[in-house]
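Engineer: Have a look at this one.
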Amino acid sequence: MKTTLISGIIAAALASTLGSMQVVASEGHETAPVGDPAKGKEKAGQICQACHGLDGNGVPAQPIWPKLAGQHPEYIYKQLANFKNNDRWNAQMSPMAMPLTEEEMLNLAAYYSELEQTGGTAEAELVELGEKIYRGGNATSGVPACSGCHGPAGLGNNLSKFPRISGQYSEYTDQTLKLFRAMERANDPNGMMRGVASRMTDQEIAAVSAYIEGLGR
């Protein structure tokens, strides 16, 4: 995937609904509003920290809730908007997102994207298969390499809304892939992730999920 070059950053005042947020201009992309991290932190302390932690690294005792620290702001915003609009559903997240304003979603995205992720550790017995799938896919079943979209280090791409997955809890990634495979999550552009996950076995999902968590170190 080609890397999009950022051509410039323009500071400007937006419409009153967006307050004093800034605008980032990128070559080949429409300008996108950027939230206020300070306001995002305040909001996170009110509604997000119980599941995701105020530092964005989640709750180790509940690894099915994802880490948000270091995640791309465009991706965080998209997921919040999808939860709010019922394009993605989760018993915990959907009710939390529905009352959020546009500005609050942008602020939360800005806040969590600036935090440092703690990384994780891969299960040794799953690393070999997980690395094989992540870097080379499975030609026999038609599973593409994860690195094609998420990058060799799992850092994703902000403008393409491909999420950072490195260091993510393996339990969350495993659950997410199975939701895509079962078509219970369907907010992936053009069904990309549903197509990938539909070709993966439980063993492959477990292995690549473990490997991805270890990429954070």
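The values are calculated or read from the model by the stated rules, or taken from the named source; none is laboratory data. None of the values given here were measured: they were computed from a predicted structure. Neighbour counts are summed over all protein chains in view; Cβ atoms, including those assigned to glycine, are modelled from backbone coordinates with ideal geometry.
Engineer: With respect to the numbered conditions (1) without any contact (Cβ under 8 Å) to a residue 24 or more places away in the chain; (2) buried (at least 18 other Cβ atoms within 10 Å of the Cβ); (3) in contact with a helix residue (DSSP H, G or I) (Cβ under 8 Å, 6 or more places away or on another chain), which one is the sole condition not fulfilled by residue 183?
Structural biologist: Unmet for residue 183, out of (1) without any contact (Cβ under 8 Å) to a residue 24 or more places away in the chain; (2) buried (at least 18 other Cβ atoms within 10 Å of the Cβ); (3) in contact with a helix residue (DSSP H, G or I) (Cβ under 8 Å, 6 or more places away or on another chain): (2).
Engineer: Let me ask another. Can you list residue pairs whose Cβ atoms sit under 7 Å apart, with the first residue in the stretch 108-128 being aliphatic (A, V, I, L, M) and the second being modelled with pLDDT under 95? Count only pairs 6 or more apart in sequence or on different chains.
Structural biologist: Qualifying pairs under 7 Å: 110/34.
Engineer: Follow-up. Could you please let me know if residue 35 is at pLDDT 50 or above and surrounded by 19 or more Cβ atoms within 10 Å (Cβ to Cβ)? Quick ask: steps written out before the conclusion?
Structural biologist: Working: at pLDDT 50 or above: yes; surrounded by 19 or more Cβ atoms within 10 Å (Cβ to Cβ): yes.
Yes, satisfied.
Engineer: Please find, within the stretch 195-217, the residue that is nearest to the chain's Cα centre (by Cα) out of those that are among the charged types (D, E, K, R) and surrounded by fewer than 19 Cβ atoms within 10 Å (Cβ to Cβ).
Structural biologist: Restricting attention to the stretch 195-217, the residues satisfying the condition of being among the charged types (D, E, K, R) are 199, 202, 204, 213, 217.
Narrowing further to those that are surrounded by fewer than 19 Cβ atoms within 10 Å (Cβ to Cβ): 199, 202, 217.
Numbers: 199: 22, 202: 22, 217: 18 Å.
Step by step, filter the stretch 195-217, then rank; the result is 217.
Engineer: If you don't mind, another one. Here is a list: 79, 71, 62. Which entry is within 25 Å of residue 184 (Cα to Cα), in contact with a Cys (Cβ under 9 Å, 6 or more places away or on another chain) and either polar (S, T, N, Q) or without any contact (Cβ under 8 Å) to a residue 60 or more places away in the chain (or both)?
Structural biologist: Details: 79 fails: in contact with a Cys (Cβ under 9 Å, 6 or more places away or on another chain); 71 fails: in contact with a Cys (Cβ under 9 Å, 6 or more places away or on another chain).
Sole residue among the options that is within 25 Å of residue 184 (Cα to Cα), in contact with a Cys (Cβ under 9 Å, 6 or more places away or on another chain) and either polar (S, T, N, Q) or without any contact (Cβ under 8 Å) to a residue 60 or more places away in the chain (or both): 62.
Engineer: Kindly list the number of the only condition in (1) surrounded by fewer than 20 Cβ atoms within 10 Å (Cβ to Cβ); (2) in contact (Cβ under 8 Å) with a residue 60 or more places away in the chain; (3) under 28 Å from residue 48 (Cα atoms) that fails for residue 170.
Structural biologist: (1)
Engineer: So residue 130 fits all but one of (1) assigned to a loop (DSSP other than H, G, I, E, B); (2) under 15 Å from residue 211 (Cβ atoms); (3) in the same structural domain as residue 209 (by TED's automatic domain parsing); what number is the exception?
Structural biologist: The one condition residue 130 does not meet is (1).
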